[in-house]
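Read-outs: derived from the displayed coordinates by stated rules, not from any lab. For clarity, every value in this text was computed on a predicted model and none was experimentally measured. Glycine also receives a Cβ, built like all others from the backbone with ideal geometry; neighbour counts cover every protein chain displayed.
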Amino acid sequence: MLASVVGVLFDGLAYGMLLFLLSVGLSVTLGMMNFVNLAHCSFAMVGGYAAVWLTGRFGWPFLAALPAAFLAGAAVSLVLERTLYRRLYRASDLDQCLFTIGIVFISVAVAAYFFGTIQQSIRTPPWLEGSFGAFGLSFSAYRLFLIVASLAVAALLVWSLERTRFGARVRAAVDNQRMARGLGIDVDRAFMITFALGGGLAGLGGALAVAMVGLDHQFAFTYLVYVLIVVAVGGLGSIGGSLAAAALLGISDMAGKYYFPWLGAFVIYLVMVGLLMWRPVGLFGKR
Amino acid sequence: MRWHPLEAAFWLATLLPFVLAPSYLSLASQIAITALFALSLDLILGYAGLVSLGHAAYFGVGAYAAGLLSKYLFGEPLTGLAVSGLAAGGVGYLSSHVIVRFRHLALIMLTLGFGLLLFEAANSASALTGGADGLQGVAISPLLGFKFDLYGRTAYAYSLAVLFLCFLVCRRLIHSPLGLALRGIRENALRMPAIGAPSLAHLRMAYTVAAVMAGVAGALLTQTTSTVSLEVLSFGRSADVLVILILGGAGRLYGGILGAILYMVARDQLSDMNPQYWYFWIGLLLVAVVMFLPNGILGGASALYPKRQ
C-alpha cells in the first residue's frame, strides 16, 4: 500500500514537472500580453521532433539533442511572434483563440506529413535506462532525471526573474503593462525575448516528453488541455503557481489513472472546473 | 423587421435540393442540422460575445436524450425533439449560472472543461450510453406518417422545417429589446450593468435559448440517422462549429447557415482526402479569416455594399 502511494507520488511528480516545462512559458507570456496562445504545445512538438530527428538520423547523443530542441522551439516561436502573432495583440480573445487553433491544425498536419502518424521513440543514454532501488522501492532513473532537470530550470527561472534587470522588466510588464511602458520599459522587446524563451522551454519539455509519454502528430492537441489547466489553475505570470499547479495536476492525474482507472480523465476536469469556479484567477494569480 | 427580398429568395432556394439533387438529400439534412447548431452558437458568441469552446455539450445532451428516449420510452419524433430540447435547455440553464460570470481565459477554460467533463461522463457511463461503441437500438417511429427513408427526403424536410422555425425565433429575439441588450453587453460589458440592465439575467436567458437550440440540433441528428456516437460530445465538434460560424460571419443571422453550407459541401467533395490534410486547410483558412476577413464572408460582403440610409 505504502509502496504504491510513494510510487504514484513519484511518477505523478515527474509527470507534473514535465507539464511545468511545457506550460511555464505560456503562463508568463499570457500574463504579459493577455495573448491566448493555444499553439504553445506546437512549439513543444517542434522540440520533440527535432530531438527525435537529431538523435535518430544523425546519431546525436541525447544530452546534446536537448539544447538543440530548446533552440528549435525558441527559433520557431520567435519567427511566428515577429511575423504573425504581433499583429493580433489588440485583437479579441476569440480572434486570438481561432488564429492559434488554426496554427495547431496546421502544425498537426505538417507533423503527420513529414513524420507519419506513428509513435516516435528516442534512445536515451544507458545511465538513464532502467531503475534504481532506495528504501526497498524502485524508481525509474529517467523520471528522477526529469524531476531534477525541471527543478533546476525552475530555480534558474525564479532567479532570473527575481534577480536580473530583465526579470524586473518582465515582472513590471506582467503587473501593469501600461505603467511599464510609461516608465520607458520596452515591453515589446521584453515580450519577444520572453516568448522565445517560453517556446524554447516548451521545446525542451517536448524533447524530454518523448521518452516518458511518447510523441505523435497529435501531441499539440493532447497536451493543450493539460497545459491550459496548469496555466489557468496556477495563475497568469506566476512561476511558483505554475510549478504547484503542474505538480498537483500530475499527481492527481497519475493517482486517478492508478486508483480509479474507470473514471478516465473525469477527475482532472472536475478538479479544474471546481478550482476555476472557486478562484477564477487561479491559485496564485493576482488578477 | 421587414424581410429583405434576398432572404425570401434564400429560403425558397433551400427547397431546390428536392428537385435538383435528390441523391444529396441526406447531405442537405446534415447541413440543415449543422446550420441550426451554428445558429445557436451565434446567439451567445456572435450577439452576446461569450466565447465557448464546449458548445457540443448541449448538442450531445440533446442527441443522447433523443436516443435514450426512443430506446426506452417512445419513438415519436416531435415529442422526442421537444423533450430533448428541454433537457439540453435544463443543462444549459444550470451551467449558465456559472458560465456567464466569467470572461477571458477563465471563460474559455470553463466552457472547455464542461464539454470535456460531459464527454468523459458519457464515455464512463457505457452501460447507459454505450460508451465508445455508440448507443445501440435507437428506433424512431414515422414522422406524421412519413417514414425516415434511405434517400433522406423526410429527414431533409424535417430538419429544414425545424431550422426555419428556430431561425424565426432567433430573428425575433435578435430584433427584440433582449437582442439589443445582448449586443450592448458584447460591445461594453461594464456599461450595461452601469445603466441598470440586468446583464447576467440577459446572458443566462440567451445561453439557455442557445442550449435548447443546440439540443434540438443534436436530437435532429439522432432522429434522422438513428444512431448516437460519442463524437456528438467531442471537442472536435465544438471546434468545427466555431470554424463554421466564423467562416460565415459571427453576429449575423445567416453567418452560421452560409458557413455550414460551405463547410459541409467542401468536406463532402474532399471526403477522399485524408482527414489530417483536411485539417491543414481548415487551419490555413482560420488563420486567413482572422487576418484578412475578421467578420467572415458575410461581413466582407456587406463591407463591399455599404448600407443605404
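Of the residues B:ALA56, B:GLN269, B:LEU245, the one whose Cα sits farthest toward the positive end of the charge dipole of chain B, with +1 on the Cβ of Lys and Arg and -1 on the Cβ of Asp and Glu, is B:LEU245.
Please give the charge dipole size of chain B, origin at the Cα centre, charges +1 on K and R Cβ atoms and -1 on D and E Cβ atoms. Round to the nearest 20 debye.
1040 debye
The mean number of partner chain beta-carbon atoms within 10 angstrom of a residue's beta-carbon across peptide B:117-123 is 4.
Between A:GLY25, B:SER26, A:GLY237, the Cα set farthest toward the positive side of the dipole of the protein assembly as shown (charges on each charged residue's Cβ, about the Cα centre) is that of A:GLY237. The modelled label-to-label distance between B:LEU168 and A:PHE114, using points 7 Å beyond Cα along the C-beta direction, is 5.5 nm.
The stretch between A:TRP127 and A:ALA168, if pulled fully straight at 0.36 nm per residue, gains 10.8 nm over its current Cα-Cα span. Label zone of B:SER271 (point 7 Å out along Cα→Cβ, amide N under 20 Å): in segment B:129-148 this covers B:148.
Averaging the Cα positions of each part gives two centres, and for segment B:38-96 and segment A:222-268 these lie 29 Å apart. Counting neighbouring Cβ atoms within 10 Å and putting the fewest first, the residues A:SER238, A:SER131 line up as A:SER131, A:SER238.
This model, with +1 at the C-beta of Lys and Arg and -1 at the C-beta of Asp and Glu, gives the protein assembly as shown a dipole about its Cα centre of some 1680 debye. If R0 equals 25 Å, the separation of the Cβ atoms of A:TYR258 and A:ALA134 corresponds to a calculated FRET efficiency of about 0.80. Extents of chain A, largest first, come to 59, 46, 37 Å (Cα atoms, principal axes, whole angstrom). Scan segment B:60-146 for trypsin sites (Lys or Arg not before Pro) in coil per DSSP, keeping those whose Cβ has at most 15 other Cβ atoms within 10 Å, and list them by number. Passing both the DSSP loop test and the Cβ count: B:ARG101, B:ARG103. When only the Cβ of Lys, Arg, Asp and Glu is charged (+1, +1, -1, -1), the dipole of segment A:20-220 relative to its Cα centre reaches about 460 debye.
So if I take the centroid of the Cα atoms in segment B:104-174 and the same for segment A:1-66, what is the distance between those two points in Å? So the separation of the two Cα centres works out to 37 Å.
Net charge within 14 Å of B:SER126 by Cβ-Cβ distance, Lys/Arg positive one each and Asp/Glu negative one each, not counting B:SER126 itself? Residues near B:SER126 contribute -2 overall. Stretched out straight at 0.36 nm per residue, the stretch from B:ALA82 to B:LYS147 would grow longer than its current Cα-Cα span by 21.5 nm. Overall, the anisotropy analysis places segment B:131-225 in the prolate class: the square-rooted eigenvalues a ≥ b ≥ c of its C-alpha gyration tensor yield a/c not less than 1.5, with a/b exceeding b/c. Rounded if a/c is under 1.5, else prolate if a/b is larger than b/c, else oblate: which is the protein assembly as shown, with a ≥ b ≥ c the root eigenvalues of its Cα gyration tensor? Prolate, since a/c reaches 1.5 and a/b exceeds b/c. Compared with the dominant principal axis of the Cα atoms in chain A, helix A:165-175 is inclined by about 80°. Amide H contacts of B:LEU143: B:PHE148, each under 5 Å away and 5 or more positions distant or on a separate chain (H built 1.01 Å from N in the peptide plane; Pro and chain starts excluded). Counting only residues 5 or more places away or on other chains, whose amide H sits under 5 Å from the amide H of B:ASN295 once H atoms are built in the peptide plane? Amide H to amide H, under 5 Å and 5 or more residues apart or across chains, B:ASN295 pairs with B:GLY300. Do any chymotrypsin sites (Phe, Trp or Tyr not before Pro) in segment B:59-156 lie in a loop, going by DSSP, with at most 15 other beta-carbon atoms within 10 Å of their beta carbon, and if so which? Loop-located and lightly packed - B:PHE74, B:TYR151. Given R0 = 30 Å, the distance between the Cβ atoms of B:SER176 and B:LEU304 translates into a calculated FRET efficiency of 0.55. Under the rule a/c < 1.5 gives rounded, and otherwise a/b versus b/c splits prolate from oblate, where does chain B land using the Cα gyration tensor? Rounded shape, in that the Cα axes give a/c under 1.5. With both labels modelled 7 Å from their Cα along Cα-to-Cβ, the A:ASP186 to A:VAL281 distance reads 3.1 nm. Here B:THR227 and B:SER126 are evaluated by their C-beta separation; at R0 = 22 Å the FRET efficiency comes out at 0.90.
Extension gain for B:GLN136-B:PHE292 works out to 51.6 nm (0.36 nm per residue, less the C-alpha to C-alpha distance). Helix A:62-83 axis versus longest C-alpha principal axis of chain A: approximately 30°, rounded to the nearest ten. Under 5 Å between amide hydrogens, built in the peptide plane, is the criterion, and for A:SER131 it picks out A:ALA141 among residues at least 5 positions away or on other chains.
Mean Kyte-Doolittle hydropathy of 0.5 or higher plus an axial Cα length of 18 Å or more: which whole DSSP H helices in chain B meet both? Show your work: numbers first, answer last.
Values: long enough: B:25-41 (24 Å, 1.85); B:56-72 (23 Å, 0.81); B:77-99 (32 Å, 1.15); B:104-124 (30 Å, 1.50); B:153-174 (31 Å, 1.38); B:199-225 (39 Å, 1.01); B:235-248 (20 Å, 1.70); B:255-269 (21 Å, 0.82); B:275-292 (25 Å, 1.55).
Those that pass (Cα extent of 18 Å or more, hydropathy at least 0.5) are B:25-41, B:56-72, B:77-99, B:104-124, B:153-174, B:199-225, B:235-248, B:255-269, B:275-292.
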